[in-house]
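Okay, structure first, notes after.
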Amino acid sequence: MTEVAGTPRRPALTLGRVRLGAGGPLVGVRVADGRVTHVVPDRGAVAPTGPVADERVLDLDGRVLLPGLWDAHVHLAEWASARRRLDLTGTASAREVADRVRAHGRTAPGAGTVLFGYGFRDGLWPDAPDKRLLDAALPHRPAALVSADLHAVWLNSACLALVGRGDHPTGLIREAEGHEVLSALPEVPAATLDDWIADACRAAAARGVSGVIDFQYGDTVGAWERRSAQAPPAVRVSAAVYPSHLDTAVARGLRTGSGIGAPGGLVRVGPLKLFTDGSLNTRTALCRDPYPGLEDSDGSHGIEQTAPDELVRLMRRAAAHGVEPAVHAIGDRANTVALDAFEAVRCRGRIEHAQLLSPEDLPRFAELGVTAGVQPRHATDDRDVADRYWAGRTSRAFAYADLLAAGARLEFGSDAPVSPLDPWLAVASAVTRTDDDRPAWHPEQRLTVRDALAAAARGRRLIRVGDPADLVVVDVDPLTADPDTLRAMPVHATMTAGRWTHGPY
């Protein structure tokens with residue numbers, strides 16, 4: 001029997017007859033004070049040394065115990081709001097979106113309020129988003145539709161007037177200007193949004209999530225200080241810092257990993273979020289080669305969100321004060337710029353998305369100690385638009401197997417609301433490289449179930465004595481699950497910091 005020095009002799013809870021990891025043996029796992037204190041072979045008794053007076057023993061009947069899963073890239077306020085907005089996922093044209101807006105406006109009246117929608121992808125549409133289509137569908141009520149990748153917003157004339165952009169020619173506004181427009185719209189009351197976010201965290205826990213990195217734009221640290229003072233969230237939260245709030249964080253002495261809000265350690269300061277480029281669907285990802293059909297136009301290679309010198313300056317300032325950078329980079333040129341910046345600064349950190357990579361950049365992630373925060377659902381959601389706009393280069397797009405083979409550390413996220421906050425969807429997409437009846441897209445980039453589970457658990461492959469008691473109990477062994485079962489994995493219970501956050505207990 002192994003035991004953590006100094007842990008209590010009478011742990012609070014024993015999980016008996018549970019399989020230790022996918023394909024693992026039956027064991028007993030004892031939890032106390034928010035940590036795993038014992039892991040011992042199961043020899044027929046549900047408690048490792050027999051039950052004691054103040055210990056609860058749960059017989060888990062051969063279910064599988066895994067490290068708690070993380071969503072390492074989510075926009076929680078956007079996701080919580082999107083769960084209550086008009087869903088435009090899967091729309092095939094601007095006309096179809098307008099039809100949905102018209103139907104929703106009839107069934108969900110709200111004169112004077114903004115109709116919000118989310119989830120459209122216009123990269124392959126036969127027609128272009130235009131305010132006149134929305135005006136015809138909803139002439140008097142403001143409408144704001146956010147693209148699936150969060151890099152564009154489509155407004156009707158009533159909404160354009162509301163934000164002081166009545167002269168905009170099309171109503172489709174991209175990148176930084178789009179974020180400015182959204183921030184100018186009426187906000188949900190803070191108390192209401194906090195309730196929505198708490199509900200979204202509970203829903204995440206029901207899918208086995210024990211923690212998230214929240215990249216919500218704004219004063220994310222301040223927002224989570226307020227929320228955690230009211231009630232502990234159902235998941236651990238790492239709250240990102242944006243450049244406009246970096247000086248405040250530095251002045252307060254906050255570092256990546258610093259605890260904030262109520263005691264207990266569930267909410268901590270996260271990384272500094274920086275941008276090098278835009279996105280694939282908006283054709284603003286910064287690439288070495290021009291986008292087909294845009295060769296002679298401005299922005300033919302995408303856009304540069306932050307100049308390399310400014311990127312290095314911001315990263316160096318953050319790193320000097322213990323704040324690790326997380327750099328958004330999607331195109332191959334953008335990823336080179338981000339890796340060059342990490343090489344110049346020599347700090348730990350992350351590259352978010354890493355969607356299209358030059359072959360010579362693959363080993364640099366491991367060499368520089370840079371984590372690749374990737375979203376496997378993007379690979380399956382965007383395969384068609386990638387085949388069109390990155391034609392001839394998709395063998396190095398969403399190259400998760402190549403990154404892993406080159407020694408990179410992978411961490412999975414959803415980028416919710418870009419894709420749903422559900423780590424099992426990410427695991428299944430990484431393993432199968434398809435989400436429909438078509439064959440796997442670039443099957444050479446598939447991951448094994450074990451590697452995918454590790455990436456979904458921030459690198460944790462095993463449950464060891466001394467680990468935080470962030471655990472998930474599932475009804476089916478992921479190694480034997482078919483793809484549909486893997487996507488819809490039945491989660492029996494979730495524990496975070498030794499506290500049940502989902503399940504019958």
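The values are calculated or read from the model by the stated rules, or taken from the named source; none is laboratory data. Values in this document were obtained by computation on a predicted structure and should not be read as measured data. Cβ sites come from the backbone with ideal geometry, for glycine too, and all protein chains shown count toward neighbours. What goes into the accessible areas is simple: the full protein's heavy atoms, side chains included, and nothing from ligands, DNA or RNA. Shrake-Rupley method; radii C 1.70, N 1.55, O 1.52, S 1.80 Å.
On the given criteria, is Asp298 open to solvent by 30 Å² or more (accessible area, probe 1.4 Å) and either modelled with pLDDT under 95 or assigned to a loop (DSSP other than H, G, I, E, B) (or both)? Even if it seems obvious, please write down each step before you answer.
Working: open to solvent by 30 Å² or more (accessible area, probe 1.4 Å): yes; either modelled with pLDDT under 95 or assigned to a loop (DSSP other than H, G, I, E, B) (or both): yes.
Here the answer is yes, as Asp298 does meet what is asked.
In this structure, is Arg268 under 23 Å from Thr220 (Cβ atoms), free of Cβ contacts under 8 Å to residues at least 12 places away in the same chain and either among the aliphatic types (A, V, I, L, M) or not in a loop (DSSP other than H, G, I, E, B) (or both)? Can you show your working first?
Values: under 23 Å from Thr220 (Cβ atoms): yes; free of Cβ contacts under 8 Å to residues at least 12 places away in the same chain: no; either among the aliphatic types (A, V, I, L, M) or not in a loop (DSSP other than H, G, I, E, B) (or both): yes.
Considered against the rule, which asks whether it is under 23 Å from Thr220 (Cβ atoms), free of Cβ contacts under 8 Å to residues at least 12 places away in the same chain and either among the aliphatic types (A, V, I, L, M) or not in a loop (DSSP other than H, G, I, E, B) (or both), Arg268 comes out as no.
Can you go through Asp332, Asp289 and tell me which one is under 22 Å from the mean Cα position of the chain (by Cα) and modelled with pLDDT of 95 or more?
Asp332
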Looking at the range 364-381, I want the residues that are free of Cβ contacts under 8 Å to residues at least 12 places away in the same chain and have a partner that is open to solvent by 30 Å² or more (accessible area, probe 1.4 Å) with Cβ atoms under 6 Å, at least 6 apart or on another chain. Which pairs are those? none
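Only strands (runs of 3 or more DSSP E) wholly contained in the range 83-182 count here; list those with 1 or more residues that are open to solvent by 40 Å² or more (accessible area, probe 1.4 Å) and more than 16 Å from Arg283 (Cβ to Cβ). Break it down stepwise before answering.
On the way: elements: 115-120, 143-147, 152-155, 172-174.
The strands (runs of 3 or more DSSP E) meeting that bar are 115-120.
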Result of the Cβ filter at 7 Å on the range 426-444, keeping first residues that are closer than 14 Å to Leu486 by Cα and in contact (Cβ under 8 Å) with a residue 24 or more places away in the chain and partners that are of a type in the set (S, T, N, Q) and surrounded by 18 or more Cβ atoms within 10 Å (Cβ to Cβ), at least 6 apart or interchain, is Ala426/Gln375; Ala426/Ser414; Ser429/Thr380; Arg433/Thr380; Arg433/Gln445; Thr434/Thr380; Asp435/Thr380; Asp435/Ser429
Does Ala158 satisfy the condition of being closer than 27 Å to Ala203 by Cα and of a type in the set (Gly, Ala, Ser)? no
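Would you check which residues across the range 331-352 are open to solvent by 10 Å² or more (accessible area, probe 1.4 Å) and within 14 Å of Leu286 (Cβ to Cβ) and list them?
Step one: list which residues in the range 331-352 are open to solvent by 10 Å² or more (accessible area, probe 1.4 Å), which gives 333, 336-337, 340, 343-348, 350.
The answer is Arg333, Thr336, Val337, Asp340.
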Thr220 being surrounded by fewer than 17 Cβ atoms within 10 Å (Cβ to Cβ), of a type in the set (Val, Ile, Thr) and either under 28 Å from Ile330 (Cα atoms) or modelled with pLDDT of 95 or more (or both): no
Can you name the number of the only condition in (1) under 18 Å from the mean Cα position of the chain (by Cα); (2) touching a residue at least 60 places away in the same chain (Cβ under 8 Å) that Val465 fails? (1)
All but one of (1) more than 23 Å from Val374 (Cα to Cα); (2) open to solvent by 50 Å² or more (accessible area, probe 1.4 Å); (3) touching a Gly at 6+ places or on another chain (Cβ under 7 Å); (4) of a type in the set (A, V, I, L, M, F, W, C) hold for Leu479; state the number of the condition that does not hold. (1)
